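The values are calculated or read from the model by the stated rules, or taken from the named source; none is laboratory data. Model, not experiment: these values are computed from the prediction. FYI the Cβ positions are ideal-geometry reconstructions off the backbone, even for glycines, and counts take in every protein chain you see. When the accessible area is computed, the model is the full protein with side chains, heavy atoms only, and any ligands, DNA or RNA have been set aside. Shrake-Rupley method; radii C 1.70, N 1.55, O 1.52, S 1.80 Å.
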Amino acid sequence: MLPGERLIGSGSMILSNITVGENAIVGAGSVVAKNVPANAVVAGKSGKTFAIPKRGDELTYMTKITKVPFLDLVTPHQELKAELMQVVEKALGNAGFIGGPMVEDFEKEFAEFCGTKYCVGVNSGTDALRFAFMAADVKPGEIIVTVPHTFIATTEAISQVGAHIAFVDIDEKTYTMDPEKLREYLDERCRFDQSRGKLIEKASNRVVSAIVPVHLYGQTADMDPILELADKYHLVVVEDACQAHGAEYFSRKEGIWKKAGTMGRASAFSFYPGKNLGACGEAGSANTDDEAMAKRMKMIRDHGQAKKYYHDIEGYNGRLDSIQAGWLSVKLRHLARWNESRRQLAHRYHELLANSRDSVVVPQEAEWTKGVYHLYVVRVQDREALQAHLAEAGIGTGIHYPIPLHLQEAYRQLGYKKGDFPVTERVASEIVSLPMFPQLQPNQQLEVVNRVREFVAARVPTVR
Ligand SMILES: Cc1ncc(COP(=O)(O)O)c(C=O)c1O
């Protein structure tokens, strides 16, 4: 644009008697009802005015506004429709709807993908967690330690086995369990009872029996120190890998990369449709290397029976449908490629948002993790305004999660209060998840970035 010129985007409407100042930009499709000052940018149907961004910023206001969904679940299913329909035909042909070869095949394939000896298909990630706690012999009244920055299913599963929830805060960079906070809790707020060989929480006198690190947003928790603490105090570790299919962790202790879900005594995966590996309905799996745990989880998912109508224990109806298993097998063949696509999109987001780093905190991958970007979560001040700005441009966003678990009404009885987990609370008030799915197109991603930049350019940068 030459000095003194104005850029008016196609399809924009400037009402009569309205003036557009020098060097101003009117975005395509904008409706301008107020005078536009010099050097301003106007965008959106409501004709919002923004300060002009820094020179050199790559902006494409003149491109046609594309609608960008937060998640596109239609395209991958359309692409795989023929194979997915074959699974249905097969199930209709033999009426094998529960269990059977399709479930067994998927269990083998997913165990192999993860690198665990066993995979037990169940009907949700929540059940996978619950069955893992039960199989690990966590008893009612005992404490399971986890983080307050996770989906409520993590803690629902704890309560559903009659255990008590204890929270420790997260690390501000990775949004996963802070091993130092875990150490503080275990070393200082608990004591080891040598005679019983158990760790006891001093305040409640309850036994602490397990830790659940959550590999949130597709990035693993820092497992070396967590496993070391678990070892020291004889605690069971159950990984919540519900958002981390295929994520990797570099164990500095062992000098090797390990997949999410292979490091604890057991791990839980969710195959909820929007997950990196999603079914076309509810599904999940509990993975382990421990044969006894696998056997027990199989019994628990099937009314406590290993042989039909011989019930050793009371269990649940928590089996995996064979059609879901068949669909998961089809999709599993694409998971590595989809994860790679997510990683590339994430790196492109990082690069494109590099100039906005004083206002937008992008996800940080610790050197010991290879994330699979289930979500691409940024942090900004006034995130509701950013969401509204993006929504106006037809861009979907999400918040994962707005209210930390320790402040949820459902957990009022735990007695936590505001200020107990400052990192979680700060993070929860600033996070916004941007569109992230393997089929996200470069022009759609650019549109998201341009709208984010447009938003931050109109605000005073906050230095962190
Ligand atoms: C971190 C986490 N844990 C547990 C779950 C529970 O999985 P499901 O919805 O399959 O029960 C989810 C699913 O959203 C999750 O994101």
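Worth pointing out:
- Scan of region 344-385 for residues that are of a type in the set (D, E, K, R) and open to solvent by 30 Å² or more (accessible area, probe 1.4 Å), ordered by number: 348, 351, 357, 358, 365, 367, 370, 382, 384
- Residue pairs meeting the criteria (Cβ under 7 Å; at least 6 apart or on separate chains; first touching a residue at least 60 places away in the same chain (Cβ under 8 Å), in region 382-406; second hydroxyl-bearing (Ser, Thr, Tyr) and open to solvent by 40 Å² or more (accessible area, probe 1.4 Å)): 392/46; 406/416
- Counted residues, region 73-108 - those being open to solvent by less than 40 Å² (accessible area, probe 1.4 Å), assigned to a loop (DSSP other than H, G, I, E, B) and in contact with a strand residue (DSSP E or B) (Cβ under 9 Å, 6 or more places away or on another chain): 1
- Residue check, residue 222 of a type in the set (D, E, K, R), modelled with pLDDT of 95 or more and out of contact with any Ser or Thr (no Cβ under 6 Å at 6 or more places or on another chain): yes
- Residue match in region 410-430 (condition: part of a strand (DSSP E or B) and among the hydroxyl-bearing types (Ser, Thr, Tyr)): no
- Applying the condition of being open to solvent by 40 Å² or more (accessible area, probe 1.4 Å) and assigned to a helix (DSSP H, G or I) to region 109-134 and asking which residue is nearest to the ligand (Cβ to nearest atom) yields 134.
- The C-beta contact set for region 323-341 (first residue over 12 Å from residue 246 (Cα atoms), second residue aromatic (Phe, Trp, Tyr) and open to solvent by 20 Å² or more (accessible area, probe 1.4 Å), distance under 8 angstrom, 6+ apart or interchain) comprises 323/97.
- From the list 152, 144, 170, the lone residue that is touching a Ser or Thr at 6+ places or on another chain (Cβ under 6 Å) and of a type outside the set (Gly, Ala, Ser) is 170.
- Looking only at residues of region 145-185 that are over 17 Å from residue 369 (Cβ atoms), within 19 Å of the chain's Cα centre (by Cα) and among the acidic types (Asp, Glu), we find that the one that is nearest to the ligand (Cβ to nearest atom) is 156.
- Pairs, first of a type in the set (Lys, Arg) in region 101-130, second at pLDDT 95 or above and within 16 Å of the ligand (Cβ to nearest atom), C-beta under 7 Å, six or more apart: 130/157; 130/160; 130/161
- Residues being within 16 Å of the ligand (Cβ to nearest atom) and over 15 Å from the mean Cα position of the chain (by Cα) - total across region 212-222: 1
This table checks each residue for (1) closer than 17 Å to residue 351 by Cβ; (2) surrounded by fewer than 20 Cβ atoms within 10 Å (Cβ to Cβ); (3) of a type outside the set (Ser, Thr, Tyr); (4) more than 20 Å from the chain's Cα centre (by Cα).
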{"position": "423", "(1), (2), (3), (4)": "no, yes, yes, no"}
{"position": "435", "(1), (2), (3), (4)": "yes, no, yes, no"}
{"position": "440", "(1), (2), (3), (4)": "yes, no, yes, no"}
{"position": "459", "(1), (2), (3), (4)": "no, yes, yes, yes"}
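- Residue check, residue 270 among the polar types (S, T, N, Q), more than 30 Å from residue 435 (Cβ to Cβ) and at pLDDT 95 or above: no
- All conditions but one from (1) open to solvent by 10 Å² or more (accessible area, probe 1.4 Å); (2) closer than 30 Å to residue 431 by Cα apply to residue 141; the one that does not is (2).
- Checking the stated criteria, residue 309 turns out not to satisfy the condition of being touching a residue at least 40 places away in the same chain (Cβ under 8 Å) and out of contact with any Cys (no Cβ under 8 Å at 6 or more places or on another chain).
- Identity of the residue in region 386-421, open to solvent by less than 30 Å² (accessible area, probe 1.4 Å) and over 21 Å from the mean Cα position of the chain (by Cα), that ends up nearest to residue 438 (Cα to Cα): 394
- Cβ-Cβ contacts under 6 Å between residues 6 or more apart (or on different chains), taken from a first residue in region 170-186 that is over 20 Å from residue 201 (Cα atoms) to a second residue that is open to solvent by 60 Å² or more (accessible area, probe 1.4 Å), are listed as 173/364.
- Out of 336, 346, 286, 294, sole residue that is of a type in the set (Gly, Ala, Ser), under 18 Å from residue 129 (Cβ atoms) and within 22 Å of the chain's Cα centre (by Cα): 286
- Any strands (runs of 3 or more DSSP E) falling wholly within region 226-310 and containing at least 2 residues that are surrounded by 24 or more Cβ atoms within 10 Å (Cβ to Cβ) and within 16 Å of the ligand (Cβ to nearest atom): 236-240, 266-270, 284-288
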